[in-house]
Amino acid sequence: MKFIKKLDYKNYVNLIGMEKKMGIGKDKIAIKELLEKFQKGYIERDLNNLDSFMSELFVNNDDVFIIGTAEDEIFIGYEQAKKLVEGDWRYWGDLRIDVDNAHINCGTDMTYITAFGTVELKIETDNSLKMALNDLDTVIKSEKQDKEKLMTICRKACTYLVEASRGEKHIWKIRLTIGLVKQNNKWLINNMHFSHPIGDYPGGRIIEAYQ
């Protein structure tokens, strides 16, 4: 509504007419339906429907590119994208996308969707602490200098203990960007990027002294 208020009536009518002329209104409906199907798949998590889910929503070629929330989650090509979705359905939390308020930047043959949502996951305290110890063991066995190892262990240990003390129910905010291309008059996912907003000091810092 704020956007509409900035336009006078004549410009607003022209804008709506332009969308109708370009078929954007119809495309936006189809794109929103695609996003709803994506959400439905992540709610149901039926591995028997994985192949049909992928073929209906994704481009089937090596141009598919997905970045997940973890540092090493980069998936290139249709088959790797399929492995990501399968892993999400098996192990990830409950993804809920705010489909109704998703921003759709619609072009004639390319479109971007930006959406917000949450991921809910139950992590039992015992499992959380075991994960922490395994993570710290990896740090100890790494090739980092001793001082860097100790600082990393302190930071990670504090984070794990704080989060474990907050309970087993974890709800994280998530942001999702989806790129679509039109093939044979049908919109399909070409790339995706999942990310968590960072409230504290950003991770992934490159420390030249230890390279």
Quick count over the stretch 94-115, residues being crowded, with 17+ Cβ neighbours inside 10 Å and in contact with a His (Cβ under 9 Å, 6 or more places away or on another chain), is 2
Test set (1) in a strand (DSSP E or B); (2) loosely packed, with under 15 Cβ neighbours inside 10 Å; (3) not basic (K, R) - M151 fails condition number: (1)
Could you please let me know if T118 is among the β-branched types (V, I, T), touching a His at 6+ places or on another chain (Cβ under 8 Å) and either closer than 20 Å to I171 by Cα or assigned to a helix (DSSP H, G or I) (or both)? no
When A164 is evaluated against the numbered criteria (1) out of contact with any Ser or Thr (no Cβ under 7 Å at 6 or more places or on another chain); (2) modelled with pLDDT under 90; (3) part of a helix (DSSP H, G or I), which criterion, by number, is the only one it fails? (1)
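The values are calculated or read from the model by the stated rules, or taken from the named source; none is laboratory data. Bear in mind the structure is a predicted one, so any value in this text is a computation, not a measurement. Quick reminder, even Gly has a Cβ in these numbers, built from the backbone with ideal geometry, and neighbours come from all protein chains shown.
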